[in-house]
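Colleague: Okay, handing you the structure first.
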Amino acid sequence: MKFFFISLCFIFLFSCAEQIDIEATIDERAKKIAIEILNDRQTATPQPTATPQALVMPTPQPTATPQALVMPTPQPTATPQAIIMPTPQPTATPQALISSDIQNLYNEARKKVVRISFNTATGKSEGSGWIIEEGWVITNEHVVGAQRFVTIEIPQENRTEYKRITGEVKGVDTKRDLAAIKINYSQEPIATREVTIDDIGEQVVTLGYSAGNAGVPSTHSGVITYVKESIDVDTDTLTPFWGQNLNGKISVIVFDADADPGDSGGPLIDSQGNAIGIVYGKLNTTNGVEVTGQQFATNILSVREVWEDLKKGINTSNK
């Protein structure tokens, strides 16, 4: 306690002996603090240095060994071949029917061509016809006239023989000069076809009984010289049929094969053996003189128009 009191008195005496400038001391202290703060700001805090990383080099890859360029093996060029053109073949020239051809056509049709006859007040009337359908004969209307029944003589295999039967006349057609006759006899018919303008020049044969021998029809050959829808001449110069309007189709066949009295109603046959028409007459002048090479046949087209009605006994003259 005595020590404390002595120290306090000493301090008091020292303070009274020297006057202290408190403001100057404060300013000096503030200046020093400011300088320390400024120095602290200017000195950056050391940052840790980044650890250097080892540079990783890519592992070298082996360089591809150059490959030799393989060229395709040259192929030998085909040697050009000469083009062999086919040798032109001559177009077959239509050949005229020779005697053997005509004979074959005749033999094929002979047993199908019949002789038609009936008695009259002055004698006997004869004509021809042919089997157009099983059990049916076709002929001209002017061959049978007004007869109801007629005699039919049919050739047999043996040329010296024939079979005689009675045929019943069914329908008739004076316009087309046609008649249908029903027979009780089995015989294969002659095939038929229609003629067109393209058939001009076609070779044909006729079969008929102008010679008058039963069982053995006569034959003539020729060509189709013309075809018409109708014939524009005086009807007095013709036998009954002189054509009809068939809308441009053929009605009349003109041919130059001979056709004599007794051949009427017989078939006009082409080179293939088809019946293409029914022989019915020839052209005469107004003085009655026969015109050579102008025989006529009714085209099968005109027959087909009325055939079914004729079989029924219908008169188709006005059809």
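Colleague: Would you mind listing the strands (runs of 3 or more DSSP E) fully within the range 126-231 where at least 3 residues are at pLDDT below 95?
Modeller: So the answer is 218-228.
Colleague: Conditions first: (1) in a strand (DSSP E or B); (2) buried (at least 19 other Cβ atoms within 10 Å of the Cβ); (3) at pLDDT below 95; (4) not polar (S, T, N, Q). Ala257 passes all but one, so which condition is the exception?
Modeller: The single condition Ala257 does not satisfy is (1).
Colleague: Given the options Thr239, Thr286, name the one that is outside any helix (DSSP H, G or I), closer than 20 Å to Arg115 by Cβ, of a type in the set (Ser, Thr, Tyr) and modelled with pLDDT under 85.
Modeller: So the residue among Thr239, Thr286 that is outside any helix (DSSP H, G or I), closer than 20 Å to Arg115 by Cβ, of a type in the set (Ser, Thr, Tyr) and modelled with pLDDT under 85 is Thr239.
Colleague: Further, regarding this structure: Read through the list (1) modelled with pLDDT under 95; (2) part of a loop (DSSP other than H, G, I, E, B); (3) surrounded by fewer than 18 Cβ atoms within 10 Å (Cβ to Cβ); (4) of a type in the set (S, T, N, Q), then give the number of the only condition that Thr316 fails.
Modeller: Result: Thr316 fails condition (3) only.
Colleague: Let me ask another. Could you look through the range 122-132, keep only residues that are touching a residue at least 60 places away in the same chain (Cβ under 8 Å) and within 13 Å of Ala180 (Cα to Cα), and pick out the one that is surrounded by the fewest Cβ atoms within 10 Å (Cβ to Cβ)?
Modeller: Per the criteria, the residue is Ile132.
Colleague: Which members of the range 156-175 meet the condition of being in contact with an Asp or Glu (Cβ under 8 Å, 6 or more places away or on another chain) and either over 19 Å from Val144 (Cβ atoms) or of a type outside the set (Val, Ile, Thr) (or both)?
Modeller: Of everything in the range 156-175, those that are in contact with an Asp or Glu (Cβ under 8 Å, 6 or more places away or on another chain) and either over 19 Å from Val144 (Cβ atoms) or of a type outside the set (Val, Ile, Thr) (or both) turn out to be Tyr162, Lys163, Arg164, Gly171, Asp173.
The values are calculated or read from the model by the stated rules, or taken from the named source; none is laboratory data. Here the structure is a predicted model, which is why all the values come from computation and not from measurement. So basically every Cβ, Gly included, is an ideal-geometry build from the backbone, and we count neighbours across all protein chains shown.
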